[in-house]
Each structure stands twice: as structure tokens, then as C-alpha cells.
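The values are calculated or read from the model by the stated rules, or taken from the named source; none is laboratory data. Note that the structure is predicted; figures quoted are calculated from it, not measured. As a convention, Cβ positions derive from the backbone with ideal geometry for all residues, glycine included, and neighbour counts pool all protein chains shown. Just the protein is used for accessible areas: all its heavy atoms, side chains included, with ligands, DNA and RNA removed. Shrake-Rupley method; radii C 1.70, N 1.55, O 1.52, S 1.80 Å.
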Amino acid sequence: MISPAGKRFRLLASVVSILLLVALAAGGWFYWAMRGSLPQLDGSLALAGLSAKVTITRDHLGVPTVSAGSRLDVVRALGFLHAQDRFFQMDLLRRRGAGELAALFGKAALSLDQRTRMHGFRSLAQKVVARMTPAERTLLDDYTAGVNAGLTALPKKPFEYFVLRADPLPWKPEDSILVIYAMTLDLQDSTGSYELTLATLRDHLGFAGVSFFAPLSLPDDGALDGSSGTPAAIPSEKILNLRARPLATVDSDSRSISAKGDARDPEVFPGSNSFALSGAHTATGAGLLANDPHLDLGVPNIWYRASLEWTTPSALRMTGVTLPGLPTVVIGSNGHIAWGLTDAYADTGDLVAVEVNQVDRSLYRIPGNEALIPIEKRREVIEVKGSPAVTLEIPWTYWGPVVATGSDGRPLVYHWLAHEAAATDFSFMELPQAQNVAEAVAVAHRAGMPANNFLVTDTTGQVAWTIIGRLPKRVGFDGRLPTSWSYGDRRWDGMLPPDEVPSIVAPESGRLWTANNRVVGGAALAAMGDGGFASAPRAIQIRDRLLPLEKAVPRDLQAIQLDDRALFLAPWQQRLLAVLTPEAVAAKKSRAEFRRLVEKWEGRAGPESVSYRLVRAFRTRTAELAFTPIFASCAEAMPDFDWHKFHYEAPLQTLLREKPLHLLDPKYASWDDLQLAAADAVIADFDRENIPLDRATWGRHNTAKIYHPFGRLLPGWIAGWLNMPSDQLPGDTDMPRVQAPTFGASMRMVVSPGHEEEGLLHMSGGQSGHPLSPFYRAGHEAWVKGEPLPFLPGPPEHTLVLTP
């Protein structure tokens, strides 16, 4: 006879068995559904609209070579490939540009959509398409048709749509323009926040405060033209005297970022590297170019490698990285030229102070109108999955949307070049036809895209830098601070014509470099404006590695890309040791171990380095303790005020050197006391996180978090399957090897036009967006280790023939 406990056990076992069978059945169904969305790699397939057959081969990494008779057939096939391998990524990019993510993800994406819808990019993209030349429109239509054919050819929809219980929507021509707008939102200031931060600084600390704390030019910015600036004087006691304030009003305590850190801590500056040598300094006599765009890292990687070749009207092979959603190679080489891009941080938007009627503030003045006109109310309806649609009302003026209110109460409007349909186009698609540097620069000057530094070199050894993308032509002001445009004396006179776009062609040194720093000065800088350039140490380190190179080969430039030497922080290590005097160490037991670890200076941001992490944390804490009370009134007036956007290293060094008491938090008797408090704060930060100092390695902080969009949402084992490994990574912000847990080199490329077989290229993720694909992680390990992979695709392992 079975006891009651035995019966209960049998019942429980039966229930568990049934649940296990259900789970296995569900898992099997999901696996079957996922298998059905894998792309076809071999055999043949009919693709309507082709003029002749197209051959697609893939190498061991899944990198395709697309061969056809015409460029239009290549473009159609590329659209097919993008949809087969990356359609969900493409969908997210177009939805990001349009502000339509909530329709897929629900309320979780609503706030992001609301911020995006302000710009009305969906309707603007339609206008851009309508303005295209017939040739551009044909190119776009062929690509669009290829995308939809590739999506339809999948036996099952991409697995992400099963998880979301949604169906993928067909690709539209304007969606490719929305991909450009998604990149614009990523690369540029979409609300004028940097300019508003400068304005808030001016309002509270005057122009003297702006000149000192937010310098535009410093003695060595690593500029290509050698231009420099003179440091401004420290603001006087009349402007700010912290010692005269009640102690209670000054709060220099801030959150701990030293030990645990954020996914993107304030010291991480978005940007990229590019540098080039003329033929006089290379082993082959052709130019040599390196490019590593630093972007948010995710799965799949933002780039998709491809080699595209066609024979009519003339034979051409174009190799590099494409952006799924666009029908071309974005960065790469065509055998005649090689080119790279980095964010220029040019100023492409201005805050306009609107003169409103004091009685009826919905009326305002524009130039040339005696009568006041009303502020328009634009409506955007946002579809929200699982919830009612949300209607957004956006106040819009002659110059653009109202984004803030100035300290004087006037509405501030953001006049942004991205709001102009004429500023975005497909002129960039002409780059494959460029045969030399001069032709490439001409294409760059008429291209409509986010403003980037454009480095290009050719087979003759010529090199050049310029801006690709449009710039506004300002009249009557420099654009760094908000001003009124109501009377016509301050305005934009359209866009900068090609002959006024800053350029440096054939520099005497034969060397070029950009690292999001200020590249030029004088009239060229005035033409670009200040969009919040990166500080100079990274550019300087690249420049100084580049200058002695002769007879260089690709490995030489890749070595610069992988340079993780901590030259910028080395003086801070010496400063910290000077702070930890024998007397200071004797006064507090924990300081002894701290000093001992700091003395073991590895000089690199290596994963195993303890001293690097401690010194970096000390610098961060010192800056916080110094600047938080200085900018307290700014932060109170503007909650998003962020002094990290300024080039604050120079003013910080000046404060520590000159030691002005009127700018010192009154809780400290001296600037030396502040620095000692910063060291103690670092020790306390790690103690709070239960991290022993001798185990506080840089790698524990700088551990990769390269996630699939579902990687944070699904259970751990599934998330681990979707995400890239949690590798401890070398590198940091103020060195060529830029690296953070979720940010860094999306790819690294070194190539010489005409010598592509010697080139190098690796990416942070694989070619495929499908986790069951052998190409999902292919190449990631080489990126982690900094190992070179060939620029050109390897021997074919798969062949697919597309027929008309």
C-alpha cells in the first residue's frame, strides 16, 4: 500500500514530467521556428528584377562577395543579403529614426519615441526620397526590392518577431533615409543640449567662466593645422567665491562611479579614430589608411562586411563595411581610393531665442514680418503596442521645435540642419566611382549625411582630410551660444558651399589623424563651429605614434589602433603619490595599501592592471570634488547640466596648480586636502562595493556587455546564448584603444588602395544576426584579442546563385 506521502511524490513527479515535456515541446517548436529563419547559403534562387545572374560566395566568416554585371544588380542582391542576415536590426534602425519603436516594444520605448517624434523624420524622409535624382531613386528602389525579396525568401520570419508576437513590415524606400536619420541621432546633438549647457554656464559664471571652464582651443589640441589657443584666466572672486557661501549650500559629494561604474560612465566620450600616411611614408608608395569607428556595441554588430563587384560600365570592386539599410559600402576601398569616417563634432544646430509677445506668448516675431505669427502645434500619433495610441503635441516655429526656455524666459528653438530635406541625400553613393583623392573630396563636399571627418587616400599616395556632409553657413554669430534671430542680422545663409568647406590636401608631413578633437583653427574652425569636440590626449597619442613611421605596412597602423598605453594618466599617478605623503599614510591605515598598489604602475589600461583603475578613479573623484560646488548653481538651474562635456582637464590642472581659495569647497582647508579626500573617497568606494583594493583590476570594471536587444530581457541561459562573451577588455577613453563595457571600436580597418590583399579588418561581432548561424560570433574573438583578420574575403565556402 502506497503511503499518502508516496502518492504526493508520484503526483509531483507526474506534474514535473508533464511540465518538462511541455517545456521540451515548446523549446523544440522555438528551435524549429528559429531554424526556419536561417538564410540560404548555397544553391540557386530566383530574384525578380535582376538583369542577369548574380553570384554570392561566403567565406569562413560569412563575409559575402557579390559579383554581377551591373551595379543595380549588385545593389538588389545586397538588399537581399541584408534582409536575410540582419532584417531585425534594419527594422530597429528605421524605427529609431522614425520614432516608432513603441509599436513593437510597447510603453518601454514610448519616452524614446516621444523625443524622436519631435523631429518628424518619417515625413522628412519621404521628402528626401521625392528630391532624389532618377539615378538615385533607381538605386534605392532596386535595393528596397532586394530587401523585401530577401525577407520573403526566409521560410520563417526572423525569430525576434516570434518573441515579440509581431510580423515584420515591408521595407519602404524612405526607410533607408530613416537609417541615415538614426545615425544622425546617434552622432549629433538633437536638442541643443551642449549649447544649452554652455549658455547655463555663461548665465551663472559669465563669459569668463565659459572661457576658463569650457575652452574651445588649448595650447596642444592635436590639430592638423597646428593651431592652438591660450588658456584663459581663472575667474575672479567677483564672479564666484565659494568661501563666501554657507557651508551647507555646497555639496561636493557625488555618486560612486569608481568601483562599480555605469554602462556608460561620464568619462567615456563617444567618438572614433582615423589616420593616414601618404605614399612617401609607406612600404608600397600608395597611401595607407586606418579607421576604427567607436560606437555603442551590440549584437549584431552595426556593420556588415561585404565585397561588391560589377563589370558594367567598367569593372569595379568595392570592399569594406556596409550599414544594413543602405545600398553601399560606407567605409572601405574601391581599389583606387580608401576612405574612413569619424564624427566631426561640427556644430550643425543652433538654439534660437524667440521674441514672443508679452501678452500672448503664442505669438512671435520673425524677420521680414511686421505682424507676429503664431507658434504652430504639430501633432504626432505614436502607436503603442498593448496600449492606446499616444498623441504628442509639439510647439513648432519658423526655425524649428521649441526645446527649452532660456534664463530670461524666452522660448529656445532648435534650428537643426537635419530638419532640412536638402541636407540629406544619396550623393555619397557616387563615391565608388571616385578614382583619386580629388574626386573623392568633391563627392564629400556635396554629400548629404551627418557631418563627419573624411580621410581619404589613393593609389598614387595622395592623402586628404575634409568634412563629408553639409554644414550651415552662419551670418552674424558663431553659433556657440543662443541668440535671437528675429531681426535678420543673425541667421543661416543656407549651407556652406563646397569651396568653403574646410579641407587639408597633401599635407607637408604626409600624415593625417582625427580623434573627434578640434582638427583646425581660425576660419576653418569658424566654418565648422563647436559641436563639443573631444579632448586632445587620444589624438596626440595617435599623432606621436604616426610621426616617426616610415615604410609603414598595415600592421604598423593596427598597432596604433591597439595602443592602450596610459600616457594621459601617468602624471595623475605621480600626483596621487605626491598626495599620499608619509604623514598622510601614517594618519590612516587604508592609505598604505592604496599607495603600495599605485606605486606598481603598469602604464597601460590592461585588464590585469590595478594601479590604472585606482589612478583613474582618483582623477574622477578629484574632478568631482573640485567642480561639483563650482557648478552647483548651474546644475540647479539645468538638471541635465554636465560639466564632463567641457575640456575640463586643463582648468582642473590650473586649479590644482594655482590653488585659488575662492574656488575651493569650504569644507577643505586647502587644495591638497581636497586631493587627499579624493583618495579616501576612492578607497571608500571600493570598500562599499566589497572589492578589495588588490583585486580592483581594470578588467573587472571594463568587462564586455555586448548584448542582443533581448539580452537583458530573457532568462539568463538564453541571454548568455544571445550575447557576446563577458570578456575583460583592455583600453579606455583617453588612448587610441577606446573601450568601455558597452562602447568601443565597432570595427578596426587598415587598408591601402590597390593593395587590399594586405589589408586588415575585424569587427566586434559576426556577420549574421541569427544565433543559430555559424557566423553569429565569427570574428569576435579576434576583435577581443586584437588579432588581424584579412580585409578581403577568404576562399569561398558557400555559393548562392541568384537568377532573374
### Query
In segment 80-104, which residue that is among the basic types (Lys, Arg) and within 15 Å of LYS172 (Cβ to Cβ) is surrounded by the fewest Cβ atoms within 10 Å (Cβ to Cβ)?
ARG95
#### Entry: Qualifying strands (runs of 3 or more DSSP E) (wholly inside segment 680-778; at least 1 residues being more than 19 Å from the chain's Cα centre (by Cα) and over 27 Å from LEU569 (Cα atoms))
747-751, 760-763
### Summary
Apart from one, (1) touching a residue at least 12 places away in the same chain (Cβ under 8 Å); (2) assigned to a helix (DSSP H, G or I) all hold for LEU549; the odd one out is (2)
### Query
Condition test on PRO582, is it open to solvent by 20 Å² or more (accessible area, probe 1.4 Å), over 26 Å from LEU242 (Cα atoms) and in contact with a Gly (Cβ under 6 Å, 6 or more places away or on another chain)?
no
### Message
I'm trying to understand the selection: among the residues of segment 48-71, which are farther than 25 Å from ARG777 by Cα and buried (at least 22 other Cβ atoms within 10 Å of the Cβ)?
### Response
LEU50, VAL54, ALA68, ARG71
#### Entry: Output for segment 129-153, where each listed residue is part of a helix (DSSP H, G or I), open to solvent by less than 60 Å² (accessible area, probe 1.4 Å) and among the aliphatic types (A, V, I, L, M)
VAL129, LEU139, LEU140, ALA145, VAL147, ALA149, LEU151, ALA153
### Task
List every residue pair whose Cβ atoms sit under 7 Å apart, with the two residues 6 or more apart in sequence or on different chains, where the first one lies in segment 170-181 and is within 9 Å of LEU326 (Cβ to Cβ) and the second, anywhere, is of a type in the set (A, V, I, L, M, F, W, C).
SER176/LEU140; SER176/LEU326; VAL179/LEU93; VAL179/LEU323; VAL179/LEU326; ILE180/MET449
### Message
With the requirement that a residue be buried (at least 19 other Cβ atoms within 10 Å of the Cβ), assigned to a loop (DSSP other than H, G, I, E, B) and touching a helix residue (DSSP H, G or I) at 6+ places or on another chain (Cβ under 8 Å), what does segment 382-413 give you?
### Response
GLY400
### Task
Filter segment 355-396 down to residues that are touching an Asp or Glu at 6+ places or on another chain (Cβ under 7 Å) and farther than 17 Å from GLU100 by Cα, then give me how many there are.
4
### Query
Does PHE121 qualify as being buried (at least 18 other Cβ atoms within 10 Å of the Cβ) and over 22 Å from ASP425 (Cα atoms)?
no
### Message
Suppose we keep only residues that are open to solvent by less than 10 Å² (accessible area, probe 1.4 Å) and of a type in the set (Gly, Ala, Ser) within segment 304-337. Which one would you say is farthest from THR460 (Cα to Cα)?
### Response
GLY325
### Task
Report, ordered by the first and then the second residue, all pairs with beta carbons closer than 8 Å, sequence separation of six or more or different chains, a first member in segment 522-543 that is touching a residue at least 40 places away in the same chain (Cβ under 8 Å), and a second member that is part of a helix (DSSP H, G or I) and open to solvent by less than 10 Å² (accessible area, probe 1.4 Å).
ILE542/ILE560
### Task
Taking the options THR424, THR328, name whichever one is touching a Pro at 6+ places or on another chain (Cβ under 8 Å), under 30 Å from ALA306 (Cα atoms) and modelled with pLDDT of 95 or more.
THR328
### Flag if TRP416 is closer than 30 Å to LEU201 by Cα and in contact with a Phe, Trp or Tyr (Cβ under 9 Å, 6 or more places away or on another chain)
no
### Summary
Every listed condition ((1) of a type outside the set (S, T, N, Q); (2) under 21 Å from ALA182 (Cβ atoms); (3) assigned to a helix (DSSP H, G or I); (4) open to solvent by 10 Å² or more (accessible area, probe 1.4 Å)) holds for GLU430 save (2)
### Task
Kindly check whether there is at least one residue in segment 156-179 that is among the β-branched types (Val, Ile, Thr), open to solvent by 20 Å² or more (accessible area, probe 1.4 Å) and over 25 Å from the mean Cα position of the chain (by Cα).
yes
### Message
Quick check on segment 572-580. Is at least one of its residues outside any helix (DSSP H, G or I) and of a type in the set (A, V, I, L, M)?
### Response
yes
#### Entry: Filter result for the condition that a residue is touching a residue at least 60 places away in the same chain (Cβ under 8 Å) and outside any loop (DSSP other than H, G, I, E, B), over ARG555, ARG596
ARG555
### Task
Would you point out the residue of segment 646-678, among those that are touching a residue at least 12 places away in the same chain (Cβ under 8 Å), charged (D, E, K, R) and open to solvent by 60 Å² or more (accessible area, probe 1.4 Å), that is farthest from LYS588 (Cα to Cα)?
GLU658
#### Entry: segment 712-771, residues that are open to solvent by less than 10 Å² (accessible area, probe 1.4 Å), touching an Asp or Glu at 6+ places or on another chain (Cβ under 6 Å) and within 28 Å of THR514 (Cβ to Cβ)
GLY731, MET735, PRO736, PHE743, ALA745, ARG748, PRO753
## Note on the structure
Those residues of segment 229-255 which are at pLDDT 90 or above and of a type in the set (Asp, Glu) amount to GLU237
### Task
Give the residue that is most open to solvent (accessible area, probe 1.4 Å), with candidates limited to residues of segment 547-567 that are out of contact with any Pro (no Cβ under 9 Å at 6 or more places or on another chain) and not aliphatic (A, V, I, L, M).
LYS551
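Yes/no per residue for (1) touching a Lys or Arg at 6+ places or on another chain (Cβ under 8 Å); (2) free of Cβ contacts under 8 Å to residues at least 60 places away in the same chain; (3) over 30 Å from ALA442 (Cβ atoms):
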position	(1), (2), (3)
GLY349	no, no, no
ASN369	no, yes, yes
ILE375	no, yes, yes
VAL381	no, yes, yes
SER387	yes, no, yes
THR391	yes, yes, yes
ILE394	yes, no, yes
TYR398	no, yes, yes
### Query
From the residues in segment 154-196 that are assigned to a loop (DSSP other than H, G, I, E, B), out of contact with any Pro (no Cβ under 7 Å at 6 or more places or on another chain) and among the charged types (D, E, K, R), which one is farthest from LEU412 (Cα to Cα)?
LYS156
#### Entry: Residues located in segment 570-627, provided they are hydroxyl-bearing (Ser, Thr, Tyr) and over 30 Å from PHE641 (Cβ atoms)
THR581, SER590, SER609, SER611
### Query
Only one of (1) closer than 22 Å to ARG565 by Cα; (2) touching an Asp or Glu at 6+ places or on another chain (Cβ under 8 Å) is not met by GLU593, so which one is it?
(1)
#### Entry: Which numbered condition VAL443 fails, given (1) in a strand (DSSP E or B); (2) more than 27 Å from ARG115 (Cβ to Cβ)
(1)
### Task
Quick one: in segment 444-495, of everything that is open to solvent by 10 Å² or more (accessible area, probe 1.4 Å) and under 17 Å from GLY522 (Cα atoms), which residue is farthest from the chain's Cα centre (by Cα)?
GLY476
